[in-house]
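First up is the structure itself, then whatever we jot down about it.
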Amino acid sequence: MRTRTPTKAITVRDVAKVAGVSVATVSRVLNGNETVDLALKDKVTEAAARLKYTPHAAARALALRTATTVGAVIPTLENANFAVGVGALQKRLSAAGYTLLLGSSNYDPDEELRQIQSLASHALAGFMLVGSRRDRRVYELLHMKGIPYVNTWVRDGGHPSIGFDNEEIGRTAARHLLALGHTQFAVIAQNAPNDRAESRIAGIREELATRGVVIPPERFVEHPHQIAEGQRALRRLVALPNPPTAIIASDVLAFGALAEAIHLRIDVPGRLSILGIQDIEFAAHLNPPLTAIRLPAEDIGTHAADVLLAAIAGNAVAQTVPVPHYLIERGSTGPAPK
């Protein structure tokens, strides 16, 4: 009986040869050296991914056990829900003896990549990301360094994830307003594209389509994620020849729309219903209080910490951890005007 020859293990020399760089350059990239040119980093990470190279398992396990820092990059520091989620993440990690390093991408994929490359230059035990759509080099880098990670705010079948069914969030919002008799809809969307918001908008459109309702282009408006921009959006929408009777927007833009409607003496919800998505704390204290889809951000941060801590310890983790959303009915939505 022939003895099967074991497959030769991939080494840094193999990576260096495929990337066309020196072994020293590969080592510097693997060790997170900031002085390496970005183009060379890309060559090394692409070569390592193509060869399926990972650091020696024993060395990787030792690094994870000795590292006491976890990294996270969020889209913005201005969103209250991201702040709540990060706070819950840090609280859980701190109780386990870990320190959190935080970066912000401002919804820019290139900036997210730079932030992650910078944070990964430290000895990281784990990494939390927001969303699933990003530069493939992020995943290649984390895989190459053997850093466990989790995507949050989404349910992502291709990567470990914790989050919401974002299309169902959109459908829930649309169903509530359809049940109140509305057929003239508008959406105020954030003008920074991201996979979570796009999935929610898709869910809104799909649910409306089941009732033969379409949002015309002039009633789908995009603005920066600020209260003042929500006010501007409301002025645009009510000036249309056929203005909406129902508006769906993320909380901050919905706050602005509601404030401007009150300023213009538009009856909410008698003439116009406004529904927000997120339900940050301020939503319940408006006049009228904002009907909203609650996204429990604290659960995102807590579950993310639990998944990362389990992965760091070498325990099996669930590929997807679903987090439910809730419709909170308040005074800003009501029957469609006759």
Test for Asp299: is it under 21 Å from Glu167 (Cα atoms), of a type in the set (D, E, K, R) and at pLDDT 95 or above: yes
Residue ID - farthest from Arg171 (Cα to Cα), chosen from residues in region 272-289 that are assigned to a strand (DSSP E or B) and among the aliphatic types (A, V, I, L, M): Ile274
Tally of residues being among the hydrophobic types (A, V, I, L, M, F, W, C) and touching a strand residue (DSSP E or B) at 6+ places or on another chain (Cβ under 9 Å) across region 256-283: 10
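Each row is one residue, and each column tells you yes or no for (1) modelled with pLDDT under 95; (2) more than 16 Å from Asp306 (Cα to Cα); (3) surrounded by fewer than 19 Cβ atoms within 10 Å (Cβ to Cβ).
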{"site": "Lys52", "(1), (2), (3)": "yes, yes, yes"}
{"site": "His56", "(1), (2), (3)": "yes, yes, yes"}
{"site": "Asp108", "(1), (2), (3)": "yes, yes, yes"}
{"site": "Ile116", "(1), (2), (3)": "yes, yes, no"}
{"site": "Phe127", "(1), (2), (3)": "no, no, no"}
{"site": "Val138", "(1), (2), (3)": "yes, yes, no"}
Candidates Pro269, Pro244, filtered to the one that is more than 16 Å from Leu286 (Cβ to Cβ) and assigned to a loop (DSSP other than H, G, I, E, B): Pro244
Residue ID - surrounded by the most Cβ atoms within 10 Å (Cβ to Cβ), chosen from residues in region 140-154 that are at pLDDT below 95 and either on the phi > 0 side of the Ramachandran plot or part of a loop (DSSP other than H, G, I, E, B) (or both): Ile147
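The values are calculated or read from the model by the stated rules, or taken from the named source; none is laboratory data. These numbers were taken from a predicted model, which means no experiment stands behind them. Here the Cβ is made from the backbone with ideal geometry for all residues, glycine too, and neighbour counts use every protein chain on show.
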